[in-house]
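Have a look at the structure below before the remarks.
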Amino acid sequence: MSGNTVTHQHSTSCTPSRAARELGLRRGEFDLAVNLGCIRTVPDEGGGGLRVTRTEIDRLRAEDGFPEALKKRVEAVGTKEAAELLEVSLGRFTRLARLGAVVPVKFYLNRYRAVVWLYLAEEVRRFAADESNAPWLSGRTPSGLREQLAEGLDLRPRNWRQRNLGFLRRQAGDHPWAYAAAVASQLDAVQVAEIVQDPYERAHLNRFRPRPPAHGAPGSPAADLAKSLTMAEDPDEIGWLRTDLAQAVRVARTLQPAPRPTLRPRPPEAREQTHPAPPTAVAVEHNPPVPEEPARSRGLLGWLRRASA
């Protein structure tokens, strides 16, 4: 039955790569569209990840302005392009992003292992069109904010983590443990172990833990840097993530307890079986034989005795 179900699902849905081609998107654009909720996906019952139904592809292709409208919704720009959209200098836009006025949507590492933040072009345009943001685009930055920037304030990693957590929660859907694992993905193993002390629950949670963004080979400096950006840093950020994880695990425990090994009782004959007593040691008297004198020696001694007599 399950084999028929998987076969039927594959005939009415396609892989992300195939869906991206049919929608005229690059794979990075497709992944971002899924994260933003622009493209609805379904889990692959065969364990192969996510799939996109033919109905969803037909719906997107039937939208007005396809495919340009879809590509515009997922257009991501770097600092230079974003500054041009806002008509400000690179330095001003960087300050805006560090202060949290504009939130990154993704990042990548260049060949020098420097973090390059990307922003949704649509959000940057909306920021520029909002008249209440005019003070951010001209004039001097307030002195208090300048001091924080001078001290190294940079909210881009934290704001990206919050946004990415929203993406992961959306992908988790109604699965309680996947939802909890999304929160756990931004805490280190020690923090998670302190919150989820039951080893079976912790192992079940780790089954759904999302992978960090792939940058370089596993264990490489680039991969380690990318992973560090996904982990909470500030004490208050860690605090609310711990609280959120504890609540999510309580809900998951109620709705879907983590699997545990079942202990089978031993059969009666196994419990009543007795082992035979070890054999009693028998003391054996050990008298080593007295070596006899060689025959030739006995004859020589006898001759000597008779001669002396």
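The values are calculated or read from the model by the stated rules, or taken from the named source; none is laboratory data. Owing to the predicted nature of the structure, the values given are computational and were not obtained by experimental measurement. Counting neighbours? That spans all protein chains shown, and the Cβs are built from the backbone with ideal geometry, glycine included. SASA here: full protein model, heavy atoms, side chains in, ligands and nucleic acids out. Shrake-Rupley method; radii C 1.70, N 1.55, O 1.52, S 1.80 Å.
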Check your understanding: Leu50's amide H: which non-local residues (gap 5+, or another chain) put their own amide H closer than 5 Å, with H modeled 1.01 Å from N in plane and none for Pro or chain starts?
Key -> Asp44
Practice item. At 0.36 nm per residue, minus the direct Cα-Cα distance, what do Arg18 and Thr141 gain on full extension? Give it in nm, one decimal, please. Key: 39.5 nm
Review point. If you place +1 on the Cβ of every Lys and Arg and -1 on the Cβ of every Asp and Glu, how big does the dipole about the Cα centre of segment 47-89 come out, in debye to the nearest 20?
Key: 320 debye
Exercise for review: Heavy atoms only, probe 1.4 Å: what % of the accessible area of segment 118-248 goes to carbon and sulfur, would you let me know?
Suggested key: 52 percent
**Study point:** Net charge over other residues, Cβ less than 13 angstrom from the Cβ of Lys80 (K, R count +1; D, E count -1)
**Key:** -2
Study note, to complete from the structure: For the pair Ser89 and Asp64, the simple spin-label estimate (label points 7 Å beyond Cα toward Cβ) gives in nm 4.2 nm
Review point. Once the other residues with Cβ under 15 Å from the Cβ of Arg202 are scored (Lys, Arg +1; Asp, Glu -1), what is the net sum?
Key: +2
Check your understanding: Accessible area, 1.4 Å probe, largest first: how do Val116, Val251, Val183 sort?
Key -> Val251, Val116, Val183
Point to revise | 1.4 Å probe accessible area per residue over segment 84-132, in Å² | key: 55 Å²
Practice item. Rank by packing, highest mean first: peptides 252-260, 226-234, with packing defined as the count of other Cβ atoms within 10 Å averaged across residues. Key: 226-234, 252-260
Exercise for review: First check a/c for segment 82-147, with a ≥ b ≥ c the square roots of the eigenvalues of its C-alpha gyration tensor; if it is under 1.5, answer rounded, and if not, answer prolate when a/b is larger than b/c or oblate otherwise.
Suggested key: oblate
Exercise for review: Between Glu151 and Thr55, with labels modelled 7 Å along Cα→Cβ, what's the label distance in nm to one decimal, could you check?
Suggested key: 5.4 nm
Practice item. Could you state the accessible area per residue of segment 133-189 in Å², with a 1.4 Å probe and every protein chain left in place? Key: 50 Å²
Practice item. Could you rank Val190, Val52 by how accessible they are, 1.4 Å probe, largest area first? Key: Val190, Val52
Study note, to complete from the structure: Per the 1/(1 + (r/R0)^6) rule, R0 = 41 Å and r from the Cβ atoms of Tyr108 and Thr254, FRET efficiency to 0.05 is 0.55
